[in-house]
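**Q** Sharing a structure with you now.
The values are calculated or read from the model by the stated rules, or taken from the named source; none is laboratory data. Treat the numbers as computed from the prediction; the structure is a model and nothing was measured. Cβ sites come from the backbone with ideal geometry, for glycine too, and all protein chains shown count toward neighbours. Side chains are part of the model used for accessible areas, which takes the heavy atoms of the whole protein and leaves out ligands, DNA and RNA. Shrake-Rupley method; radii C 1.70, N 1.55, O 1.52, S 1.80 Å.
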Amino acid sequence: ALALALALALATATPAAALTAAAAAAAAAAAAAPAAKTIKEGVSPIPMAKAIKNPTELAGMLEAHLRDGVAMASFWCWLDRAVAAGEVHDEYAIGEKVSAFRAAQAGFNEESFATIAGEGPHGAIIHYRASKAGARTVHADSMFLCDSGGQYDCGTTDVTRTHHFGTPTAFQREAYTRVLRGHIALSLVVFPAETTGFVLDAFARQYLWEAGLDYRHGTGHGVGAALNVHEGPQSISPRFGNPTGLRPGMVLSNEPGYYKDGGFGIRIENLQFIVEADTPYRFGDKPFLKFEVLTHIPIQKKLIDFTMLTAVEVRWLNEYHQAVWDKVSPRVQDDEVKAWLKEATKPVEVRTVVVV
């Protein structure tokens, strides 16, 4: 309509009037156009808002992990008994069984990722996924790595455990114990608020490094609250390009490992969240932080060389297993699973003989 009116005015007006009419029409069109929007460049606030969980989200995450504890206790009890009885199960079928045990829990929606079930050399493939055609059989002398997780209506889980069903070699026990010591070190670390994950990564690797060993992946990734199992922006990794400071409420994995190419894989993974630490001092008036555990699933003791552990590390293991028993066992209905859980969480005693 505006264009038609302008055309008629220009057709009947004198040249001077036509110029005036054109200018007025242009001004009217400019006034009618939407105002230009200002584009602000910067870091999106959304990832950090997701990363820092509120108390309700953290309570939901803990509930999800306790349900997961029942599911995985049931799974490991079943697999231990099956292998001991001489039953034959391959990696693919075992992965399906993991999902079935989780599906029996209230509020389970789906796997948080496809289960990584690796026997022997397949366990050394960090992101291995079994196929029906190429799946290896788990047997009485197997070293077996299982990394899996679930999406529940209240939270997300991600856990890795490594089990040996026979007699592990001395090197397997040494490597496993070095991985466990790194896991414990990261679990116990106290650090200033806003420390980047890059600074903490070496805590998990130190005992592997002592022996000239290492692993080719990050130590920890962020996890969503009933969202993505891998969620940023926080991480614990040797990659120093991530400047995100760690803050209370963030959830991260703690998953050091060791992988002998063509031989076996080891990974011990818990999820943990950050809280403020109660320290006697407060340097620079800055709060210090620590981790609290979410995952409540036993760590196999058969693979541990207890002569390598300190008293602090043994105490951590016993306290962790006591928490697993206290929080998970009341939820277990099956007597056989409860008996397995009782044995798996039994405290260990390590006696040190001092020769003078």
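**Q** Report, by residue number, each residue of the range 240-274 that is basic (Lys, Arg) and within 19 Å of the chain's Cα centre (by Cα).
**A** Arg247, Arg267 - these are the residues of the range 240-274 that are basic (Lys, Arg) and within 19 Å of the chain's Cα centre (by Cα).
**Q** Now, a different point. Any idea which residue in the range 201-214 is nearest to Leu186 (Cα to Cα), counting only those that are in contact (Cβ under 8 Å) with a residue 40 or more places away in the chain and open to solvent by less than 10 Å² (accessible area, probe 1.4 Å)?
**A** Looking at the filtered set, the residue picked out is Ala204.
**Q** Check Val199, Val251, Val179, Val223 and return the single one that is of a type in the set (A, V, I, L, M, F, W, C) and more than 30 Å from Glu110 (Cα to Cα).
**A** Checking each option against the conditions leaves just Val199.
**Q** Something else now. Can you tell which of Thr244, Thr279, Thr219 is more than 23 Å from Asp147 (Cβ to Cβ), in contact (Cβ under 8 Å) with a residue 24 or more places away in the chain and buried (at least 17 other Cβ atoms within 10 Å of the Cβ)?
**A** When all the criteria are applied, what remains is Thr244.
**Q** Still on this structure, I have one more. Of all residues in the range 259-283, count the ones that are assigned to a loop (DSSP other than H, G, I, E, B) and of a type in the set (D, E, K, R).
**A** Counting residues in the range 259-283 that are assigned to a loop (DSSP other than H, G, I, E, B) and of a type in the set (D, E, K, R) gives 3.
**Q** Let me ask another. With a cut-off of at least 1 residues that are under 26 Å from Trp78 (Cβ atoms) and acidic (Asp, Glu), name the strands (runs of 3 or more DSSP E) lying wholly within the range 117-227.
**A** 143-148
**Q** Let me ask something else about it. Search the range 103-128 for residues being touching a Ser or Thr at 6+ places or on another chain (Cβ under 8 Å) and more than 15 Å from Glu269 (Cβ to Cβ), and hand back the single one that is surrounded by the fewest Cβ atoms within 10 Å (Cβ to Cβ).
**A** My answer is Ala104.
**Q** Next up: Residue under question is Asp326, and the condition is that it be more than 26 Å from the chain's Cα centre (by Cα) and under 23 Å from Ala71 (Cβ atoms); does it hold?
**A** In short, no.
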